[in-house]
């Protein structure tokens, strides 16, 4: 599974943080891959609309998530606040992986 993740906006938006991060689950430990797969499943990612219905308020963050699990591909853009707890958990986990990827770069 491959996940592309991008964060845009926010009160203190930094251009370096807006760069998309690619997470190749084949390179992660098995437990991290299992966690991401579980979060994608719990959020029912592939059934989500491509963009959140809520209008974006000024200075809110927008998250664009593209998932390719080998059999399906989907892209979702969601805006804070994220009402769905499962989707919120997925975004939180992806933010963690993005921070780790940026710190290694």
(request) Scan (i) 12.1, 33; (ii) 12.7, 37; (iii) 13.3, 39 for the value of Rg and Dmax of the Cα atoms in Å calculated from this model and give just the label. (result) (iii)
(message) If you take every DSSP beta bridge fully contained in the chain, what fraction is antiparallel? Give it as a percent rounded to 5.
(response) 95
(message) Can you tell me, using C-alpha contacts under 8 Å and at least 6 residues apart, the relative contact order of the chain as a whole percent?
(response) 33
(message) For 3, 82, which order do you get if you count the other beta carbons within 10 Å of each Cβ and list the fewest first?
(response) 82, 3
(message) Using 0.36 nm times the number of residues separating residue 72 and residue 31, minus their current alpha carbon distance, what extension gain do you get?
(response) 12.6 nm
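Each reported figure results from applying straightforward, stated rules to the coordinates on display, with no laboratory input. In this text the structure is predicted, and so the values were computed from the model without any measurement. All Cβ positions, even for glycine, are placed from backbone atoms using ideal geometry, and neighbour counts span all protein chains on display.
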